1. Name the residue that is farthest from Val159 (Cα to Cα), counting only residues in segment 75-115 that are without any contact (Cβ under 8 Å) to a residue 60 or more places away in the chain, surrounded by 14 or more Cβ atoms within 10 Å (Cβ to Cβ) and among the polar types (S, T, N, Q).
2. Scan (1) touching a strand residue (DSSP E or B) at 6+ places or on another chain (Cβ under 7 Å); (2) farther than 20 Å from Arg207 by Cα; (3) at pLDDT below 95 for the single condition Gln38 breaks and write down its number.
3. As an exercise: evaluate Ala120 against (1) surrounded by 15 or more Cβ atoms within 10 Å (Cβ to Cβ); (2) part of a helix (DSSP H, G or I); (3) small (Gly, Ala, Ser); (4) modelled with pLDDT of 95 or more and give the number of the one condition it does not meet.
4. Show the residue pairs meeting these rules: Cβ distance below 7 Å; 6+ apart or different chains; first residue within segment 178-198 and aromatic (Phe, Trp, Tyr); second residue part of a loop (DSSP other than H, G, I, E, B) and modelled with pLDDT under 95.
5. Condition test on Thr134, is it in contact with a helix residue (DSSP H, G or I) (Cβ under 8 Å, 6 or more places away or on another chain) and farther than 21 Å from Gly36 by Cβ?
6. With the condition being of a type in the set (Gly, Ala, Ser) and either closer than 30 Å to Thr88 by Cβ or at pLDDT 95 or above (or both), I'd like the strands (runs of 3 or more DSSP E) fully within segment 123-224 carrying at least 2 qualifying residues.
7. Could you run through segment 164-176 and say how many residues are in contact (Cβ under 8 Å) with a residue 60 or more places away in the chain and either surrounded by fewer than 19 Cβ atoms within 10 Å (Cβ to Cβ) or over 30 Å from Gln38 (Cα atoms) (or both)?
8. Out of contact with any helix residue (DSSP H, G or I) (no Cβ under 7 Å at 6 or more places or on another chain) and on the phi > 0 side of the Ramachandran plot: is that true of Glu97 in this structure?
Amino acid sequence: MLYRAPGAGELRSRFHREADMNPFAKTAAGLFLVIGPQSSQPLEAERICSAMVQKLFEDQTRALDSRAWQNAAQMVPNQVETATTSRTLNRTMDVAELPSAFASICANAADGNEAGVGLAKAIRSYLSKHGEPTAFNCLVLDQSDSAESRLSLTCLAVVEVGSADSLAITSILRSASLNLSNKQTQSTIAQVFGRFSSPSDSPYYLRLFSSRRSHSQRRSDILQ
């Protein structure tokens, strides 16, 4: 069994910390985000998200390590259409512009179509509450389609390049999907993640309501 259900009082971390090992990296942050329709029961995406939070929280010293996030994402069973890409973007910008840049990259990786604008706004609003992170992990699970859950993990980090306003953003993007219409996949997901519930109101978690064509936030305060 890859995951165990969390007990009461666990998962208190905000997945946000001051990073003092590098004076340039002011903060490191992480965000879990589930997109899907309203439901009286937790969606499969919510259960998977909760399990991944618990997995990462088992070793608090590595809760914001991008490799730990990638390993946790790879452990989700029955993934198809998996792809991992790495790249470096060189940009001239002020550090204060990083939240917007991070949000745009994460939103485009998760959904480059009509949902991207709203998704970017939600991520940017979250980041703005934690200063100016220069390392950021963002996991998006999109179950807008009842027959599929799409997983998108973006791990970002920033390094200085030359002048003070020249920055390089390194990114590792992992995408995959789960075919929820497949009976074997349904059975496996239920067996592994069935005991988990939604991360609920955890400050490192956002839930966006959606249909196939529109996305709206559950928590209006993130936009204020």
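The values are calculated or read from the model by the stated rules, or taken from the named source; none is laboratory data. Computed from a predicted model, the values in this text were never measured in an experiment. Here the Cβ is made from the backbone with ideal geometry for all residues, glycine too, and neighbour counts use every protein chain on show.
1. Asn108
2. (2)
3. (4)
4. Final answer for the pair search is Phe193/Tyr3; Phe196/Ala5.
5. So Thr134 passes the test.
6. 148-160, 166-179
7. 8
8. no
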